[in-house]
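Report on the structure given below.
Nothing in this text is a laboratory measurement; each read-out follows from the coordinates by a stated rule. In this text the structure is predicted, and so the values were computed from the model without any measurement. Here the Cβ positions follow ideal geometry from the backbone for every residue, glycine too, while neighbour counts run over all protein chains shown.
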Amino acid sequence: MSTFNAFWLSKDDEGSQSLTWRESNTEELMDGDVTVAVSHSTINYKDGLALTGSSPVVRRWPMIPGIDFAGTVTTSSDPSFAVGQQVILNGWGVGETHLGGYSQLARVPGGWLVALPPTFTSAQSMAVGTAGYTAMLCVMALEDRGVRPGDGAILVTGASGGVGSVAVSLLSSLGYEVIASTGRVEETDYLTHLGASSVINRSELSEPGRPLGKERWIGAVDSVGSHTLANVLAGTRYGGTVAACGLAQGMDLPGSVAPFILRGVTLAGIDSVMAPAAVRKAAWARLAKDLDLKKLDSVTNTQHISQAPQLASEILAGKVRGRVVLNIES
Ligand code: NDP
């Protein structure tokens with residue numbers, strides 16, 4: 001196809017953003033050796049920031065937003081990818097500095113793509129998306145630092161969100177006892193169904209706290225940051241590890257070094273965007289092996305791409321539960 005439709009995000013001279021779904025030409029796409037007919041994308045927290053302009057995620061104008069996509073290769077000069085092959089893309093600056101996934105067509109360097117594991121449909125791979133792949137990176141970071149099921153409970157913050165829901169599901173399937181922290185205690189049944197052993201109110205963690213508290217968990221997956229992360233560290237048991245990936249409460253970290261120097265706690269930073277190809281392939285292989293697809297389907301809500309602007313505001317307001325797949329084909 002030489003023409004296709006895509007969402008374009010533009011900024012005027014006053015700095016106001018606008019989003020238009022319009023017919024586009026392949027000549028507008030950026031360089032890359034693989035072109036993909038995109039069937040599905042998703043909405044992550046970062047997509048919400050980009051679409052609303054709440055944070056300077058987009059650094060090239062105009063931009064096709066969408067940090068994730070899945071689809072079928074239509075042209076390829078990369079020997080690793082054949083025409084007709086199904087692929088996934090997460091991050092690498094797509095939707096930020098390189099034209100993104102809210103489009104019927106995308107062109108990227110082949111080295112950015114991951115072959116779709118046969119376990120997943122394209123739609124399921126976007127139900128995982130950057131949020132789920134990041135949850136897997138967090139679990140792998142805990143494992144790499146020696147945290148094992150049976151060592152103690154693992155806390156998941158922002159548990160009803162995308163990273164949180166997949167983290168709860170994965171950790172529970174792997175045999176960990178999971179404590180889910182949420183501001184939506186009405187979602188207790190949802191979190192218990194995903195495998196949480198107990199649910200705590202996030203207000204326990206969101207206010208300024210003490211440098212060290214009672215030792216409650218051996219590890220944590222934190223997508224919230226700020227006071228929550230400081231309190232998560234203060235409640236981590238001797239020798240434990242906290243995987244920090246997010247900033248839903250804030251980008252600050254108002255804590256002390258006490259958990260590190262008095263309890264040997266490790267703070268493991270997680271970045272999904274520029275993670276090397278080998279790391280992301282390993283994460284997707286683990287997702288294919290360890291993620292319960294019935295649970296994934298139960299946390300997934302499928303919407304048409306036209307709903308992306310509305311969903312962007314909802315995800316920033318903490319109103320999106322689990323994961324949203326955006327259907328681009330029809
Ligand atoms: P979601 O919006 O789906 O989930 C975030 C969750 O955080 C919400 O559902 C809510 O959970 C909780 N939350 C929201 N606001 C607050 C607040 N003010 N205080 C405390 N908790 C809050 O987003 P994602 O799961 O897609 O992303 C989560 C975070 O991880 C984001 O900050 C995102 O930017 C980051 N991220 C980072 C990546 C990386 O590579 N490092 C990759 C992917 C995501 P509940 O209602 O259960 O309390």
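For the range 156-175, the candidate set comprises residues that are at negative phi, in a loop (DSSP other than H, G, I, E, B) and near the ligand (Cβ under 8 Å from one of its atoms); within that set, the residue that is surrounded by the most Cβ atoms within 10 Å (Cβ to Cβ) is Thr157.
Selection over the range 253-285 of residues that are over 15 Å from the mean Cα position of the chain (by Cα) and within 22 Å of Trp217 (Cβ to Cβ) gives a count of 16.
When you look at Tyr238, is it surrounded by fewer than 15 Cβ atoms within 10 Å (Cβ to Cβ), of a type in the set (Phe, Trp, Tyr) and more than 9 Å from the ligand (Cβ to nearest atom), yes or no? So Tyr238 passes the test.
You will find that of Lys319, Lys294, the residue that is more than 16 Å from the ligand (Cβ to nearest atom) and without any contact (Cβ under 8 Å) to a residue 24 or more places away in the chain is Lys294 and no other.
All of (1) out of contact with any helix residue (DSSP H, G or I) (no Cβ under 6 Å at 6 or more places or on another chain); (2) within 14 Å of the ligand (Cβ to nearest atom); (3) without any contact (Cβ under 8 Å) to a residue 60 or more places away in the chain; (4) in a loop (DSSP other than H, G, I, E, B) hold for Glu215 with one exception: (2).
Scanning the range 254-274 for residues that are away from the ligand (no atom under 16 Å from the Cβ) and within 12 Å of Arg210 (Cβ to Cβ), which turns out surrounded by the most Cβ atoms within 10 Å (Cβ to Cβ)? Steps first, answer last, please.
Narrowing the range 254-274 to residues away from the ligand (no atom under 16 Å from the Cβ): 256-266.
Checking the rest, the ones that are also within 12 Å of Arg210 (Cβ to Cβ) come to 256, 258-259.
Values: Ser256: 14, Ala258: 15, Pro259: 26.
By that ranking, first place goes to Pro259.
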